[in-house]
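Taking it in order: structure first as structure tokens, then the write-up.
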Amino acid sequence: MAYCQSRQIDATGAALADTYLEYTDGVSREHWLRAYREKGSDENRKYLAVKNTIPNVSAVLFRRDALRNAMACEGETMSNLKVAGDWIAYLAVLEQGDLVFVPESLNLHRRHSCSVTNGSDRRLHMLEVLRVQQVVAQRYQPEPEVQRSMVAYVEHLRRHFGLDEMEVEQLRRQTTAR
């Protein structure tokens, strides 16, 4: 799989940001500054464990066979996730090989106020983040530093969504009840 940085634009085409570095800074301030090739499972364990660090699928190129295999293995899970299905797809594809990243913004990503991410139910969004983080934790056993970043991201979302700690704990219990 390969992907590039994206320039964010609004519904009218006006520039919002030249990159998604502000979004990925919470995971790493350096990782997306340079071109790289990395083993997919390492990318999953270190970065995609925290959050979906691939902000939009329009910037991604897949090997057809890898995507087909991912769909065969994780298709049902992907289709059951409104917000995080693409995240599961990336994880499954990267389990099969390397990731290449190009730091230049070679893609325009139109941001809509009513997009799935922006318009989603905040509790559902949080639940799906917790579910995917749980999948990654079980498959990859991330290092303690990455685990702390996972917790910090959930706390960031909790505040952003205006959820109280009890709501998040209830959602967390739902992920373990499955």
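The values are calculated or read from the model by the stated rules, or taken from the named source; none is laboratory data. If you're wondering where the values come from, they're calculated on a predicted model, not measured in any experiment. Positions of Cβ are backbone-derived with ideal geometry, glycine not excepted, and every protein chain shown enters the neighbour counts. Ligands, DNA and RNA are excluded from the accessible area calculation, which covers all protein heavy atoms including side chains. Shrake-Rupley method; radii C 1.70, N 1.55, O 1.52, S 1.80 Å.
Using the Cβ of residue 159 as centre and a radius below 14 Å, the other residues enclosed give a net charge of -2, where K and R count +1 and D and E count -1. Only Lys, Arg, Asp and Glu carry charge here, each on its Cβ (+1 for the first two, -1 for the last two); on that basis the stretch 40-85 has a dipole of about 100 debye about its Cα centre.
Straight-line cross-link partners of residue 82 among the lysines, defined as a Cα under 16 Å from its Cα and at least 8 positions apart when in the same chain: 51. Sorted on the mean count of surrounding Cβ atoms within 10 Å across their residues, most packed first, peptides 127-136, 91-100, 8-17 read 127-136, 91-100, 8-17.
In the assembled protein chains, residue 167 presents an accessible area of approximately 40 Å² (probe radius 1.4 Å). Distances between every pair of Cα atoms in the chain, grouped in 5 Å steps from 0 to the bin holding the largest one, split as 1, 8, 16, 21, 22, 18, 10, 4, 0 percent.
For the chain, the carbon plus sulfur part of the accessible surface works out to 49%, probe radius 1.4 Å. Of 107, 44, 80, the residue with the greatest mean-square motion in the GNM of the chain, using alpha carbon springs below 10 Å, is 80.
Note: relative contact order over the chain, using C-alpha pairs below 8 Å and six or more positions apart, is 33 percent. With all protein chains kept in place, the per residue accessible area of the stretch 37-178 amounts to 57 square angstrom at a probe of 1.4 angstrom.
Debye-formula intensities of the stretch 24-91, expressed as log10 I(q)/I(0) at q = 0.16 Å⁻¹, are -0.60 (one equal scatterer per alpha-carbon, no solvent). Note that the stretch 38-43 has calculated 3J(HN,Hα) couplings of 9, 4, x, 5, 5, 4 Hz, one per residue in order, obtained from phi through the Karplus relation 6.51 cos²θ - 1.76 cosθ + 1.60 (θ = phi - 60°); glycine and proline are x. Note on the stretch 1-110: antiparallel DSSP beta bridges, both residues inside, total approximately 50 percent of the bridges counted.
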